[in-house]
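Chemist: I'd like to ask some things about the structure below.
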């Protein structure tokens, strides 16, 4: 679980702001895993039905580089994020990569009795990934994913009459997932459901475009 703590007792305003900062593991890992399986099944079906008779790039050689850009959505954070990364093929069926995610979390602000309470949150992910290609045919890739990264959260709250308080935390995130990718020449579209067991422990769905150099 990744969380940060702010001093200030049991003030309901602070507690309400802090509620948006903790990813609570007690929401149920079994529920997360069930979601993950459902998302994986849907992604696989979409990928398989998307195969056409046209030939695309079927096999990647060692040294092939891809650059990706896209979006992500966290099922527990319930917020979207911007994601960018790159991949490098070690062989025709194994590749490694790095990605960065910046979560788009709105600042919180409320005015009561003429006083304005405000808080801001920053979530960042830096993940290293290993992909093993399970299926590569007619431009369709299906692959398993292992991920290890650093997940960072920071929080700042402005309390009228008391000033500002801030805190931050960083944890190692370990995740497992699967991906489906459809290749159209030098560019591809992809979707990747992942289940993180630490850090921002949640199910997230990545999607976007990958450009091969």
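The values are calculated or read from the model by the stated rules, or taken from the named source; none is laboratory data. Because the structure is a prediction, the values reported are computed rather than measured. No Cβ is skipped: glycine too gets one built from the backbone with ideal geometry, and neighbour counts run over all protein chains shown.
Chemist: Go through the residues of region 67-79 one by one and say whether even a single one is over 15 Å from the mean Cα position of the chain (by Cα), at pLDDT 95 or above and either surrounded by 14 or more Cβ atoms within 10 Å (Cβ to Cβ) or within 17 Å of residue 132 (Cβ to Cβ) (or both).
Modeler: yes
Chemist: Please specify each residue of region 140-182 satisfying the condition of being on the phi < 0 side of the Ramachandran plot and modelled with pLDDT under 90.
Modeler: 155, 156, 157, 158, 159, 160, 162, 164, 165, 166, 167, 168
For (1) surrounded by 15 or more Cβ atoms within 10 Å (Cβ to Cβ); (2) outside any loop (DSSP other than H, G, I, E, B); (3) modelled with pLDDT under 95, each residue gets a yes or a no:
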position: 85; (1), (2), (3): yes, yes, no
position: 97; (1), (2), (3): yes, yes, no
position: 101; (1), (2), (3): yes, yes, no
position: 105; (1), (2), (3): yes, no, yes
position: 111; (1), (2), (3): no, yes, yes
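Chemist: Take residue 189 and decide whether it is without any contact (Cβ under 8 Å) to a residue 24 or more places away in the chain and either under 24 Å from residue 79 (Cα atoms) or surrounded by 17 or more Cβ atoms within 10 Å (Cβ to Cβ) (or both). If you could, list the steps in order and put the result at the bottom.
Modeler: Values: without any contact (Cβ under 8 Å) to a residue 24 or more places away in the chain: yes; either under 24 Å from residue 79 (Cα atoms) or surrounded by 17 or more Cβ atoms within 10 Å (Cβ to Cβ) (or both): yes.
Judged against the criteria, residue 189 is a match.
Chemist: For residues that are out of contact with any strand residue (DSSP E or B) (no Cβ under 7 Å at 6 or more places or on another chain) and outside any strand (DSSP E or B), scanning just region 154-213, find the one that is nearest to residue 71 (Cα to Cα).
Modeler: Step by step, filter region 154-213, then rank; the result is 201.
Chemist: Collect the residues in region 113-126 that are surrounded by 14 or more Cβ atoms within 10 Å (Cβ to Cβ) and more than 16 Å from residue 73 (Cα to Cα), keeping them in residue-number order.
Modeler: 117, 118, 119, 120, 121 - these are the residues of region 113-126 that are surrounded by 14 or more Cβ atoms within 10 Å (Cβ to Cβ) and more than 16 Å from residue 73 (Cα to Cα).
Chemist: Which number in (1) out of contact with any strand residue (DSSP E or B) (no Cβ under 6 Å at 6 or more places or on another chain); (2) modelled with pLDDT under 90; (3) surrounded by fewer than 18 Cβ atoms within 10 Å (Cβ to Cβ) marks the one condition that residue 63 misses?
Modeler: Here residue 63 meets the rest and fails (2).
Chemist: Go through (1) out of contact with any helix residue (DSSP H, G or I) (no Cβ under 7 Å at 6 or more places or on another chain); (2) surrounded by fewer than 21 Cβ atoms within 10 Å (Cβ to Cβ) and name the single condition residue 142 misses.
Modeler: Unmet condition: (1).
Chemist: In region 71-120, what residues are touching a helix residue (DSSP H, G or I) at 6+ places or on another chain (Cβ under 8 Å) and within 22 Å of residue 172 (Cβ to Cβ)?
Modeler: 75, 76, listed by residue number.
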